[in-house]
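Participant: I'd like to ask some things about the structure below.
Nothing in this text is a laboratory measurement; each read-out follows from the coordinates by a stated rule. On a predicted model such as this, the values are computed, not experimentally measured, just so you know. Please note: Cβ atoms are built from the backbone with ideal geometry, for glycine as well, and neighbour counts cover all protein chains shown.
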Amino acid sequence: MQALQSRLNARQQLIQNINREIGIIEESINLTNRDVLTLRTQLDTLKNNMRK
């Protein structure tokens, strides 16, 4: 029974680690999306300035 509990604890720890990694990846994606939006806005501004 103790071996089973030990395996369960190990799996729960792995799940927690994976969830933390997912959070880090999601934050990175959000930052990248924000950068893309900024760059698109800058590109649109540059295009509009070139047309004038």
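Participant: Dividing the convex hull volume of the alpha carbon atoms of the chain by its residue count, what do you get in Å³ per residue?
Facilitator: 32 Å³
Participant: Okay, moving on. Pop the C-beta distance of Ala3 and Glu27 into the FRET formula with R0 = 35 Å and round what comes out to the nearest 0.05.
Facilitator: 0.40
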